[in-house]
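Asker: Let me give you the structure first, and then I'll get to my questions.
The values are calculated or read from the model by the stated rules, or taken from the named source; none is laboratory data. Only a predicted model underlies this, so the values are computations on that prediction, with no experimental measurement involved. Please note: Cβ atoms are built from the backbone with ideal geometry, for glycine as well, and neighbour counts cover all protein chains shown. These area figures cover heavy atoms from the full protein model, side chains too; ligands, DNA and RNA do not enter into them. Shrake-Rupley method; radii C 1.70, N 1.55, O 1.52, S 1.80 Å.
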Amino acid sequence: MFVDRTDAGVRLANVLMDYKGQSVVVYALPRGGVVLGAQVAVALGAPLDLILVRKIGHPESPEYAVGAISEDGDLVFNPAEAIFLDPSWLSAAATKELQEARRQRIVFLQDRVRIPATRKVAILVDDGLATGLTMEAAIEHVRKQQPSRVVVAVPVSAAETADRLRSKADEIVALHIPSGEFRAVGSFYRNFDQVTDADVVALMESSRLPG
């Protein structure tokens, strides 16, 4: 059980210290992942950037992800779910979330230049993995930049999700992989308050490295 996202971020940073001093970029997945990403970036002395990815929720249960899309259109679906959904609905839902991801880029980062992952260790941070589809889209997004290594770092992950993503990332760092049925990510935190747009903006501003 983690106290809150800050506590989880500190614990996550502690197990990533082997990367300190290397050429690293920390990429957080908004919104919740930014709290943890800020802690990891400070501990490693690394720059912090965002990967804007959006969950595509099931039409009858929006909290349950059937797919995800990045701001550059990198799209992944759970084929076992997508096959039962109307293709026109899927296309419209993906377009809506793509627009939101691009809106977040403007709100969260304004005119800040993206930090490329080329020939660097890309550490992708979120507050937990349930279906893992947003993280999968993030991996697809960052792979195109040809990083030297892709590391997924989370406090908690469903076991089957961690297993699936091991074939897509170079390393999975998960502090807790519970056995049995996976509950919601928030059930592993004492405090799992919503992270607002303003919170993300403040964290990104405070994370700027000098120079």
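Asker: Between rounded, prolate and oblate, where does the stretch 84-133 land on the alpha carbon gyration tensor, with a ≥ b ≥ c its root eigenvalues, rounded for a/c under 1.5, else prolate if a/b exceeds b/c?
Answerer: oblate
Asker: Where the eigenvalues come from the Cα gyration tensor of the chain, what are the semi-axes √(5λ) of the equivalent ellipsoid, largest first, in whole Å?
Answerer: 25, 20, 17
Asker: While we're here: Leaving out ligands, DNA and RNA, and with a 1.4 Å probe, what % of the accessible surface on the chain is carbon or sulfur?
Answerer: Numbers: 5130 of 10080 Å².
Heavy-atom surface of the chain belonging to carbon and sulfur, 1.4 Å probe: 51 percent.
Asker: Find the accessible area per residue for the stretch 73-142; the probe is 1.4 Å, ligands and nucleic acids are left out, and the unit is Å².
Answerer: 49
Asker: Find out how many positive minus negative residues lie around Gln146, taking Lys and Arg as positive, Asp and Glu as negative, among other residues whose Cβ is under 10 Å from that of Gln146. Don't skip to the end; give the middle numbers.
Answerer: On the way: positive: Arg119, Lys120, Arg143, Lys144; negative: none.
My count for the surroundings of Gln146 gives +4.
Asker: Here is a follow-up. Just from its helices, what would the mean residue ellipticity at 222 nm be for the chain, if runs of 4 or more DSSP H residues each count -39500 (n - 2.57) and the sum is divided by every residue, rounded to the nearest 500 deg cm²/dmol?
Answerer: -11500 deg cm²/dmol
Asker: Need the full-extension length gain, Arg183 to Glu205, defined as separation in residues times 0.36 nm minus the C-alpha distance. One decimal, nm.
Answerer: Length difference between fully extended and current span is 4.6 nm.
Asker: In whole Å, what is the distance between the alpha-carbon centres of the stretch 46-121 and the stretch 148-177?
Answerer: Comparing the Cα centres of the stretch 46-121 and the stretch 148-177, I get a distance of 19 Å.
Asker: Hey, can you rank 4-11, 188-195, 63-70 by average C-beta count inside 10 Å, highest first?
Answerer: Numbers: 4-11: 19.5, 188-195: 14.1, 63-70: 21.6.
The most tightly packed comes first, giving 63-70, 4-11, 188-195.
Asker: Can I ask one more? Starting from the Cα-Cα distance between Ser167 and Asn14, subtract it from 0.36 nm times their residue separation and give me the gain in nm to one decimal.
Answerer: 52.6 nm
Asker: I would also like to ask the following. How much length would be gained if the chain were fully extended between Ser91 and Asp111, taking 0.36 nm per residue of separation minus their Cα-Cα distance, in nm to one decimal? Please list the in-between numbers first.
Answerer: On the way: separation 20, 0.36 × 20 = 7.20 nm, distance 2.90 nm.
Between Ser91 and Asp111, full extension yields an extra 4.3 nm.
Asker: Just order 169-178, 147-156 by mean Cβ neighbour count inside 10 Å, highest at the front, would you?
Answerer: 147-156, 169-178
Asker: Sticking with this one: Projecting each Cα onto the charge dipole of the chain (Lys/Arg +1, Asp/Glu -1 at the beta carbon, about the Cα centre), which of Leu75, Pro87, Gly21 comes out farthest on the positive side?
Answerer: Gly21
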